[in-house]
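Any read-out appearing in this document is the output of simple, stated calculations on the displayed coordinates, not a laboratory observation. Remember, predicted model here, so these are calculated numbers, not experimental data. Here the Cβ is made from the backbone with ideal geometry for all residues, glycine too, and neighbour counts use every protein chain on show.
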Amino acid sequence: MTEIDFAVAFLLTIIVLTYSIVSVSNKLTNDFNLFTEKKLEESASSISKQLLKIQDEKSLISNFRKIQASFQEIGSYSHTETLNITITPSVNKIHVYDNFLNEISSTILNNGNNVTVSFNLDFSPNEKKYVDIFYNDALANNIAYTSDASDIASIILSEENVYVLSQDRCSNLKSLDYETAKNNFGFLDEFNISECDYGSTMPATANIIVKSVPILIEKSDGTLYSDFVRIKVW
């Protein structure tokens with residue numbers, strides 16, 4: 001009985017030791033994974049802030065201006081009108097949109113010290129429409145509405161700064177070697193920015209942290225759309 005008791009006790013000791021070792025190992029693995037994930041999350045937040053929140057020579061954002069204007073039909077009949085907005089001084093990259101960021105076809109006339117953007121709108125009786133005009137460059141000194149339409153009342157509601165993911169900034173980034181860019185930014189982890197088509201090739205298996213930042217994005221043709229910039233870090 002003594003030998004049997006000893007064998008059982010020894011077996012139980014081995015089981016307890018094995019369980020303890022496995023438990024400690026699993027805890028250390030989980031703690032390490034949590035530490036690694038937390039580190040990557042902090043890195044992703046730091047990268048996204050540097051590239052998309054702070055406007056400097058390293059960032060991917062440009063400062064655009066947004067003008068919101070309202071136009072109301074006051075003649076009580078349906079008609080189409082050509083509307084003109086003149087911005088002083090002259091500015092660049094002017095595009096006109098409806099409330100849903102659908103582009104409204106427009107023509108741009110640069111008059112030297114100012115620029116006039118013209119576009120057509122269809123009105124039903126007493127209908128009110130809102131238009132957003134985006135442009136790049138300096139703050140306008142004057143925004144004026146002019147039109148031959150006597151049956152349209154117009155109000156410039158607001159003008160504000162907006163950040164836009166810039167094609168020019170993306171092009172500047174893509175002109176840099178990846179390792180050079182990492183050193184310039186002080187990035188230690190690997191990263192990829194699909195909206196700029198730039199970064200390291202993502203591995204098939206890795207702990208990848210994705211930071212999604214809502215922002216206006218400039219297309220190659222200069223028009224804007226609203227989406228998320230997704231910065232992937234591993």
Q.
If I take R0 = 35 Å and measure r between the Cβ atoms of residue 155 and residue 55 in this structure, what FRET efficiency does the formula 1/(1 + (r/R0)^6) give, to the nearest 0.05?
A. 0.70
**Q.** Extension reserve of the residue 197-residue 98 stretch, reckoned as 0.36 nm per residue once the Cα distance is removed
**A.** 32.8 nm
Q: Fewest Cβ neighbours within 10 Å first, please rank 217, 85 accordingly.
A: 217, 85
Q.
With the crude spin-label approximation of a point 7 Å out along Cα→Cβ, what separation in nm comes out for residue 80 versus residue 143?
A. 2.6 nm
Q. So between residue 110 and residue 168, what do we pick up on full extension, going 0.36 nm a residue minus the alpha carbon distance?
A. 18.7 nm
Q.
Give me the dipole magnitude in Debye, nearest 20, for the stretch 80-234 about the Cα centre, with unit charges on the beta carbon: positive for Lys and Arg, negative for Asp and Glu.
A. 420 debye
Q | Convex hull projection area averaged over all views, the stretch 64-162, Cα basis, nm² | A | 5.8 nm²
Q) How would you rank 231, 208, going from fewest to most other Cβ atoms within 10 Å of each one's own Cβ? A) 208, 231
Q. Going by how many other beta carbons lie within 10 Å of each one, how would you line up 227, 177, fewest first?
A. 177, 227
